[in-house]
Amino acid sequence: MEEDIKFMNEAIRLSKLAKYPYGAVIVRKGKIIGRSSAKTPVSSTIFEHSSMVALEDALQGYSIMGNLKGCTLYSSMEPCMMCMEAIMYSGIDRLVYGVEIEASNLFYNHIEDFSVMDFVKKVKPDLEIVGNICRDEALNVIKEYNNKFIEEDNKFIDMAIDISKTAYYPFGAIVVRNGKIIGKSTDDTPIKNTLYTHAELIAIESAVSNIKDSISRGNLHQCTLYTSCEPCMMCMEAILSEGISRVVYAATIEDSIEYFCDEFAVPFEEIVEKSNCKIKIIPELHRDKAIEVLKKHGRL
């Protein structure tokens, strides 16, 4: 137990330094042979989970198949199904984690995930699994990260609302990745009366054009769309097609109908649910500010 606490504390230390609040180390005979990077993920790929990075570091270019027998992986968070598959193939004997994966679903920014431990125990019964080591410490790192997300959301939704104040129609939107704006609607949106000049569409188009080597759909994974009003169905199609991970909106479609113009009131959340896409939705953030903009503009 003393050794488990020691190495779990190292995984938690790495989680405090990482871009996302997760850390992992791999230990053989009392020595760390692999660890996640303080910069994980470096390039925001789907493979750069902390456990995956630690596995790659430990393997040093060798095949994953069974080369980590006799090792223990310490992860501040219970690994997801992708990481668990890699762990099982690697031959690791023990897995020790801090906080259960469901705990992260309680927080503001996290896309819902679920445990696969029951499946793992059936297909890999010889893998020893120990959970809830330094759980409170690991959980606190996620809580602190969550607070940073709340501050960021407040800042960027206000920026979207500010755009709506001077836009041709009272709507504004921005796309953010890793704390930086990569696309936004313009103050004169729409320049001309076309079907496609909704604020969200302009912001998404701007973001895609700013990504190098953008040749296919789904280029905006790990991005957040901030919009002064709940997206319509047309904008929703673009959100789904480009793989946006989070949507934060202020006013509702019902607010737009009441204060600006008639439109089809299709709830955004219902569309996401039917699409089976994992999009985190933060609704009605600073709704009162966005409603004031709609009221000031007046009905069409």
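The values are calculated or read from the model by the stated rules, or taken from the named source; none is laboratory data. Source: prediction; values computed, not measured. Note: ideal-geometry Cβ built from the backbone for every residue, glycine included; neighbour counts use all protein chains shown. These accessible areas exclude ligands, DNA and RNA; they are computed on the full protein's heavy atoms, side chains included. Shrake-Rupley method; radii C 1.70, N 1.55, O 1.52, S 1.80 Å.
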How many percent of the accessible area of the chain is carbon or sulfur, using a 1.4 Å probe? 54
Inter-label distance, nm, simple model (7 Å from Cα along the C-beta direction), residue 1/residue 119: 3.3
What residue among 168, 276, 147 has its Cα farthest toward the positive end of the dipole of the chain, where the charges are +1 on Lys, Arg and -1 on Asp, Glu, each on the Cβ? 147
Compute the signed sum of charges (Lys and Arg +1, Asp and Glu -1) over the other residues within less than 14 Å, Cβ to Cβ, of residue 129. -3
Taking the Cβ of residue 265 as the centre, find all other residues whose Cβ is under 10 Å away and add up their charges (Lys, Arg: +1; Asp, Glu: -1). -4
Heavy-atom SASA rank of 136, 158, 255, 262 (probe 1.4 Å, accessible area, largest first): 262, 136, 158, 255
For the pairs 184/289; 69/122; 121/148, flag any whose C-alpha to C-alpha distance is greater than 29 Å. 121/148
Give me the 1.4 Å probe accessible area per residue for the stretch 258-300, excluding ligands and nucleic acids, in Å². 69
What FRET efficiency do you get for residue 181 and residue 295 if R0 is 25 Å and r is their Cβ-Cβ distance, rounded to the nearest 0.05? 0.40
